[in-house]
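Chemist: Got a structure here, written out as structure tokens. Questions coming.
The values are calculated or read from the model by the stated rules, or taken from the named source; none is laboratory data. Computed from a predicted model, the values in this text were never measured in an experiment. Heads up, the Cβs are rebuilt from the backbone with ideal geometry, glycines too, and the neighbour counts pull from every protein chain shown.
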């Protein structure tokens, strides 16, 4: 029973049939025994890659947050430095103004003490001159009049002379002070 076309050649048909059966058995064995570990390995590798990507994203996000935080800290530090410089400048300005004020006050005190001292010296000089003039006026009056002068007349003469002398001294002091 030979088939003239050769498609159904029975002696060779059993070989093809067994090759197909063997191939199907091999595919079944591969599917049940080899494919699951390969599939599991591929899935595990995929999960590992996804976890790595997630961790990388998380790390990247944390890095961005840290970078932003560092930028804010740097900004705050710069602002604080600027404030410290400004406060130091203001403090220096205030200290300079206090030093100027203290120097002016000290100069005013020195001038006031000098004026007081000059006034005391002037008054002392006027007293001394008054005493000397009093003595000289009494002597001159007695010599001119040839007699002793009573107390009232003596006081009036001295007062007139001293007033005139004080006016001369004051006029001389105001001319020298200017």
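Chemist: Can you pull out every residue in region 166-178 that is within 13 Å of residue 130 (Cα to Cα), surrounded by 12 or more Cβ atoms within 10 Å (Cβ to Cβ) and either out of contact with any helix residue (DSSP H, G or I) (no Cβ under 9 Å at 6 or more places or on another chain) or at pLDDT below 75 (or both)?
Modeler: Correct list: 169 only.
Chemist: Inspect region 129-144 for any residue being more than 40 Å from the chain's Cα centre (by Cα), surrounded by fewer than 10 Cβ atoms within 10 Å (Cβ to Cβ) and part of a helix (DSSP H, G or I) and give the result as yes or no.
Modeler: Yes.
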